[in-house]
Amino acid sequence: MAKATREAYGEEIAKLAVENPKIVVMDADLAGSTKSGLAKKAVPERFFDFGIAEQDMISHAAGFAASGYTVFCSTFAMFATGRCWEQIRNSVVYPQLDVKIFGSHGGIAVGEDGVSHQAIEDLGIMRTIPHMSVYNPCDETEMKAVVDYVAGNGKPCYIRGMRSKVDDVYTDGHIEDVTKIHVLKKGTKVAVFATGLMVQASMKAAELLKADGIEPTIVDVCCLKPADEAGIAEVLKNHDVIVTCEEHNVVNGLGSLVADVASKTTPRLITRVGMQDCFAESGNFEALLEKYQLDANGIAASIRSAVK
């Protein structure tokens with residue numbers, strides 16, 4: 001059933017908070033949008049809303065974590081990674097405190113909210129912080145698996161969520177290991193690495209390419225740090241044409257990650273599909289994905305070009 005990953009996040013943290021009295025949930029005046037409000041209903045005594053004071057929220061989260069709690073902080077991706085970078089770096093990650101930062105409404109798919117709310121740098125910003133884990137789940141099952149995993153690992157992390165509903169990728173409701181890449185479709189010659197919303201778009205692009213006789217391998221990369229370098233290298237070794245797809249700036253995102261691995265293991269020419277170091281604009285999210293060639297048709301066109 002199609003569901004926004006932010007909904008899956010809210011459901012899972014509410015469930016975990018009921019089960020574990022050491023889990024605290026925080027938000028910054030967006031509990032309805034991030035869906036952390038579900039935890040407020042479940043455990044109101046361990047839910048804190050800081051209003052429009054994201055930096056204050058992160059600082060308090062560090063204090064709770066230093067006192068032995070696991071803390072989930074939620075706000076929009078733009079605010080979480082933009083306004084709070086210093087607090088995340090110095091107060092949370094440097095001392096390696098158990099704080100999970102959820103950035104909802106990531107990418108350009110927030111549509112009409114406009115460029116001020118379209119976080120296309122968030123994954124890169126968080127990847128640059130030493131010892132920071134970064135996840136970008138593609139559907140409900142993967143989001144819940146990520147939340148379950150990080151709730152018990154005692155480490156800081158960043159999780160990106162999406163505003164819009166997305167089709168199920170993992171229809172059996174199970175993922176073995178969220179830190180590893182997952183080959184969703186096996187093909188030949190061409191490999192497409194995708195993350196977040198682009199996983200579904202890449203799968204649809206693969207269907208369009210059948211008419212061209214192109215059968216790409218589709219790889220879901222949920223964990224962008226620490227990267228599954230061995231898994232990525234294995235895919236690179238067995239394919240000649242490499243394409244990366246991300247709803248993010250191509251600078252320091254998934255494309256950069258795959259290029260880093262390729263430079264160390266299996267040099268390849270890599271076509272990076274994503275925001276080409278540019279801002280988007282305000283508009284319907286489906287129209288924006290089409291304009292910036294991040295829909296199935298655009299991805300298919302990029303793959304055809306890479307093959308030629």
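Each value in this text was obtained by applying a stated rule to the coordinates, not by laboratory testing. Nothing here was measured: the structure is a model prediction, and the numbers come from that model. As a convention, Cβ positions derive from the backbone with ideal geometry for all residues, glycine included, and neighbour counts pool all protein chains shown.
Relative contact order for region 182-303: what percent, with Cα pairs under 8 Å and sequence separation of 6 or more? Don't skip to the end; give the middle numbers.
Details: 218 pairs, mean separation 36.0, N = 122.
About 29 percent, as a whole number.
In nm, what is the difference between 0.36 nm times the number of residues separating LEU269 and ALA301 and their Cα-Cα distance?
Working: separation 32, 0.36 × 32 = 11.52 nm, distance 1.70 nm.
Using 0.36 nm per residue and subtracting the Cα-Cα distance, I get 9.8 nm.
Quick check: from the Cα gyration tensor, does region 3-166 come out rounded (a/c under 1.5), prolate or oblate? Don't skip to the answer; put the middle values down first.
Values: a/c = 1.38, a/b = 1.12, b/c = 1.24.
In terms of gyration-tensor shape, rounded.
Specify the inter-centroid distance of region 118-169 and region 220-281, based on alpha-carbon positions, in whole Å.
Distance between centres, Cα-based: 17 Å.
Which angle from 0 to 90°, rounded to the nearest 10, does the C-alpha axis of helix 254-264 make with the longest principal axis of the chain?
With both axes taken from Cα atoms, the answer is about 70 degrees.
When the helix-only estimate is applied to the chain (DSSP H runs of n ≥ 4, each -39,500 (n - 2.57), divided by the residue count), what is the mean residue ellipticity at 222 nm, nearest 500 deg cm²/dmol?
On the way: 12 runs with 114 residues, N = 308.
Per the formula, -10500 deg cm²/dmol.
Using only Cα atoms, tell me the angle between helix 54-66 and the longest principal axis of the chain; keep it within 0 to 90° and round to the nearest 10.
Tilt of helix 54-66: around 70 degrees.
Quote the charge dipole size of the chain about the Cα centre in Debye, to the nearest 20; the model charges only the Cβ of Lys and Arg (+1) and of Asp and Glu (-1).
Details: 31 positive and 41 negative charges, 106 e Å.
For this selection, approximately 500 debye.
Where nothing but the Cβ of Lys and Arg (+1) and of Asp and Glu (-1) is charged, how large is the charge dipole of region 182-303 around its Cα centre, in debye to the nearest 20? Spell out each step's value before the answer.
On the way: 11 positive and 16 negative charges, 75 e Å.
That gives region 182-303 a dipole magnitude of about 360 debye.
Compute the distance in nm between two label points, each set 7 Å from the Cα along the Cα-to-Cβ direction, one at TYR94 and one at ASN238.
4.4
So how do 101-111, 179-189 stack up, highest first, on mean other-Cβ count within 10 Å? Don't jump to the answer; show the numbers that get you there.
On the way: 101-111: 27.8, 179-189: 15.8.
Final packing ranking: 101-111, 179-189.
About the Cα centre, and with charges only on the beta carbon of Lys, Arg (+1) and Asp, Glu (-1), how big is the dipole of region 3-166? Nearest 20 debye, please. Walk me through the numbers on the way to the answer.
Working: 17 positive and 20 negative charges, 48 e Å.
With only Lys, Arg, Asp and Glu charged at Cβ, the dipole is about 240 debye.
Just want to confirm a number: the relative contact order over the chain, from Cα pairs under 8 angstrom separated by 6+ residues, in percent.
Working: 718 pairs, mean separation 53.1, N = 308.
This gives 17 percent for the chain.
Could you work out how far helix 197-209 tilts from the main Cα principal axis of the chain, as a 0 to 90 degree angle to the nearest 10?
Approximately 20 degrees, to the nearest 10.
Among the DSSP beta bridges whose two residues both lie in the chain, what percent are antiparallel, rounded to the nearest 5? Could the numbers behind the result be given before it?
Numbers: 7 of 43 bridges.
Bridges in the chain are about 15 percent antiparallel.
Around GLY161, which amide H atoms from residues at least 5 apart in sequence, or from another chain, sit under 5 Å from its own amide H, with H modelled in the peptide plane?
HN-HN under 5 Å from GLY161: GLY103, SER104, HIS105, GLY106.
In whole Hz and in residue order, list the ³J(HN,Hα) couplings for region 68-82 that follow from phi through the Karplus curve 6.51 cos²θ - 1.76 cosθ + 1.60, θ = phi - 60°; x for Gly and Pro.
Values per residue, Gly and Pro as x: x, 9, 9, 10, 9, 10, 10, 6, 5, 4, 4, 6, 4, 8, x Hz.
Using only the Cα atoms, what convex hull volume per residue in Å³ does the chain have? Numbers along the way, then the final one.
Details: hull volume 36.0 nm³, N = 308.
So the per-residue hull volume is 117 Å³.
Set the Förster radius R0 to 25 Å, insert the Cβ-Cβ distance between GLU281 and ASP168 as r into 1/(1 + (r/R0)^6), and round the FRET efficiency to 0.05. List each step's numbers first, then the result.
On the way: r = 30 Å, r/R0 = 1.19.
For R0 = 25 Å, the calculated efficiency reads 0.25.
Given the peptides 198-207, 268-277, arrange them by the average over their residues of other C-beta atoms within 10 Å, most packed first.
198-207, 268-277
Using Cα pairs closer than 8 Å and at least 6 residues apart in sequence, work out the relative contact order for region 68-169, in percent.
On the way: 173 pairs, mean separation 35.2, N = 102.
Over region 68-169, the number comes to 35 percent.
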